[in-house]
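I have placed the structure first, in the form of structure tokens, so that the comments after it can refer back to it.
The values are calculated or read from the model by the stated rules, or taken from the named source; none is laboratory data. Everything numeric here is computed off the predicted structure, so don't read it as measured data. A quick note on method: Cβ atoms are made from the backbone with ideal geometry, for glycine too, and the neighbour counts reach across all protein chains shown.
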Amino acid sequence: MKINHLGIATKGIDEALKFWSDALGLENVHTEIVEDQKVKVAMLPIGESRVELLEPTSPDSPISKFLEKRGGGIHHIAVEVDDIEASLANLRSQGMRLIDESPRIGAEGCLVAFVHPAASGGVLLELVQTIK
Ligand code: CO
């Protein structure tokens, strides 16, 4: 496994890029709207991982709710797995609480599924299976 990306909630990607890209020096290589999750994302590679900036596209986006409650900041950690169905089954068999019982289509066409923060002691975890 590896860290596929760190998801960071922002009120606006353009504003956030003033820090992450202009000031810090990371490059925004991919911007996309993920309709299913009501977010716009920007991907900035860092080592073998990426920073994923998230901006809500709707007031009922999960990111809107997070921003209201917590302000901006780290929203989730995404772990890359080889077989997301097997990972979900493994967690489920151990009684771990899942948000997504089956994978959904995420950014860049990847399969993604979220694990409830209650399972991990407070960290929202995203499983990602990349399309090979
Ligand atoms: Co993510």
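Checking the conditions here, which among LEU124, LEU88 is more than 12 Å from the chain's Cα centre (by Cα) and either over 18 Å from PRO45 (Cα atoms) or of a type outside the set (Lys, Arg) (or both)? Steps first, please.
Working: LEU124 fails: more than 12 Å from the chain's Cα centre (by Cα).
From the options LEU124, LEU88, the qualifying one is LEU88.
Residues that are outside any loop (DSSP other than H, G, I, E, B), surrounded by 15 or more Cβ atoms within 10 Å (Cβ to Cβ) and modelled with pLDDT of 95 or more within segment 69-111 comprise HIS75, HIS76, ILE77, ALA78, VAL79, GLU80, ILE84, SER87, LEU88, LEU91, LEU98, LEU111, listed in sequence order. Looking at LYS2, LYS11, LYS40, just one residue is charged (D, E, K, R) and within 13 Å of the ligand (Cβ to nearest atom), and that residue is LYS40.
Residues of segment 54-68 that are crowded, with 21+ Cβ neighbours inside 10 Å and either more than 10 Å from the ligand (Cβ to nearest atom) or β-branched (Val, Ile, Thr) (or both): GLU55, PRO56, ILE63. Of everything listed in (1) assigned to a helix (DSSP H, G or I); (2) surrounded by fewer than 15 Cβ atoms within 10 Å (Cβ to Cβ); (3) among the hydrophobic types (A, V, I, L, M, F, W, C), the single unmet condition for ILE33 is (1). Selection of first residues in segment 108-129 that are under 18 Å from MET1 (Cα atoms) and of second residues that are among the small types (Gly, Ala, Ser), restricted to Cβ pairs under 6 Å at least 6 apart or on distinct chains, gives the following pairs, ordered by first then second residue: VAL112/GLY106; GLU126/ALA78; LEU127/SER87; LEU127/ALA113; VAL128/ALA78.
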